[in-house]
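The structure under discussion appears below in the form of structure tokens.
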Amino acid sequence: WQYVALKCVLQHGLNVSVALSGAALARRSSFRFYWLLLNASFVLEFFLQTMVKRGHMSQSMLLALQQLLMSAATAATLPVLAHVHWAAAVAAFALVFGNRKHDTMNVALLCIGAWVCAREPYMRA
């Protein structure tokens, strides 16, 4: 569930939020720090698994490093959560389960839906 939450809220939901807010959100230092840790988490996930598979690292070391990185990444998300477009995050969650294995299409649908909602006065928060 942590991966699904990360993907829906903090990846797709935040990407759509940045698209809607323009560069204002992306200029915040809290967002840049979060973005750095998010990308590091994804890259290191694959790199560390490769190290274990090739016998250069133990599984327990991998888990310890992942816990450290996840703790730092979780702390970095807290200031960013206030800027997430929650309708996009909920829609992303629904699309992950309803339209599986179509991430590119799902994000495109999210962007279109968020854009339409942002343009309609009755849909704005």
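The values are calculated or read from the model by the stated rules, or taken from the named source; none is laboratory data. Quantities reported herein were computed from a predicted structural model and do not represent experimental measurements. Cβ sites come from the backbone with ideal geometry, for glycine too, and all protein chains shown count toward neighbours. The area values use the complete protein model at the heavy-atom level, side chains included, leaving out ligands, DNA and RNA. Shrake-Rupley method; radii C 1.70, N 1.55, O 1.52, S 1.80 Å.
Mind checking whether some residue in the stretch 35-46 is closer than 20 Å to His85 by Cβ, in a helix (DSSP H, G or I) and open to solvent by 30 Å² or more (accessible area, probe 1.4 Å)?
Checked against the condition, which is being closer than 20 Å to His85 by Cβ, in a helix (DSSP H, G or I) and open to solvent by 30 Å² or more (accessible area, probe 1.4 Å), the stretch 35-46 yields at least one hit.
Of these, Ala92, Ala87, which one is more than 14 Å from the chain's Cα centre (by Cα) and surrounded by 13 or more Cβ atoms within 10 Å (Cβ to Cβ)?
Within the list Ala92, Ala87, the selection yields Ala87.
Just one of Ser30, Ser21 is modelled with pLDDT of 80 or more and farther than 27 Å from Arg100 by Cβ; which is it?
Testing whether each residue is modelled with pLDDT of 80 or more and farther than 27 Å from Arg100 by Cβ leaves just Ser30.
Just a yes or no: is a residue in the stretch 48-71 within 20 Å of Val4 (Cα to Cα), under 14 Å from the mean Cα position of the chain (by Cα) and in a helix (DSSP H, G or I)?
yes
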